[in-house]
Structure formats: C-alpha cells, structure tokens
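Notes for the one structure printed next.
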Amino acid sequence: EPLQRDDTHLFPDGIRGDFSEVDRLVGGLWGGGVTGCLRWLTAYETTLIRYIAAGRFAGKDQSVMLSTYLSYYSDGIADIVQPTSTPDDPWFHLLYLLSDWPDLPRDIDPTYL
C-alpha cells in the first residue's frame, strides 16, 4: 500500500507511524556504501530500541524500517525506490535493480514522500 497522510504522525513514544496492520515497503532488501549503511544501522537500532521500550511489536522489519525512514528522511539517510515496472513480484524489484541481468527494467519512481 502507498504511504498514507497519517503515516508520518509522531506518537508520544517517539515513533513515527503505526504499521502493525499494513506493509508499505520491503524491509529486508537494502544497501549502500559503508558510511551510509553505518548511518542507517545506528538510526535503525535507535528506532528498534524505541519500539521495544514502548512495548510495540518489533519483529516486523517493514514497520521498524519505515518508522526509521520517516524519522530520519530529512537528514537524507535513505531513498525509497518504487518500481514502475518489474518482470515479477514488485516486492523483489531491488534485486533486479541491483543486478547485472540484461533486459530487466531499471526504472524507478524516487518520490516516496
């Protein structure tokens, strides 16, 4: 599902959004340079600790990933890419995007927010 207007809400527990009932992005496929990955790791761990401290379910990586992104996107911590076409399941588009397989669609829509 696309991001909804209320998804960016900052709750009193310091976490942005409540994604316990929806999946808005793929959590397990991500990458970048060393510096970017280390920045992401720090931000993700901070968000994960907030989830646990607040008693929120922290076992769904999509939720923690999107809350992390929404909390830090103004710092340029990450880009979310949306496939505009894919030969298979769009959840796995990043695999195609990062591969060197010939004749696979490489088009993306970088305007998530």
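The values are calculated or read from the model by the stated rules, or taken from the named source; none is laboratory data. Model, not experiment: these values are computed from the prediction. Methodologically, a virtual Cβ is constructed for each residue, glycine included, from the backbone with ideal geometry; neighbour enumeration extends over all protein chains shown. Surface accessibility is based on the protein's heavy atoms, side chains included, excluding ligands, DNA and RNA. Shrake-Rupley method; radii C 1.70, N 1.55, O 1.52, S 1.80 Å.
Of all residues in the stretch 44-85, those satisfying the criterion of being open to solvent by 50 Å² or more (accessible area, probe 1.4 Å), in a loop (DSSP other than H, G, I, E, B) and free of Cβ contacts under 8 Å to residues at least 12 places away in the same chain are 55, 59, 76.
So which residues in the stretch 1-33 are without any contact (Cβ under 8 Å) to a residue 24 or more places away in the chain and assigned to a helix (DSSP H, G or I)? Within the stretch 1-33, 5, 6 qualify.
Taking residue 20 as the residue in question, decide whether it is buried (at least 17 other Cβ atoms within 10 Å of the Cβ), of a type in the set (S, T, N, Q) and modelled with pLDDT of 75 or more.
Values: buried (at least 17 other Cβ atoms within 10 Å of the Cβ): no; of a type in the set (S, T, N, Q): yes; modelled with pLDDT of 75 or more: yes.
Taking the combined requirement at face value, the residue does not satisfy it.
In the stretch 23-42, which residue that is over 25 Å from residue 53 (Cα atoms) and within 15 Å of the chain's Cα centre (by Cα) is most open to solvent (accessible area, probe 1.4 Å)? My answer is 30.
Checking each residue in the stretch 38-55 for being in contact with an Asp or Glu (Cβ under 7 Å, 6 or more places away or on another chain) and of a type in the set (Lys, Arg) picks out only 50.
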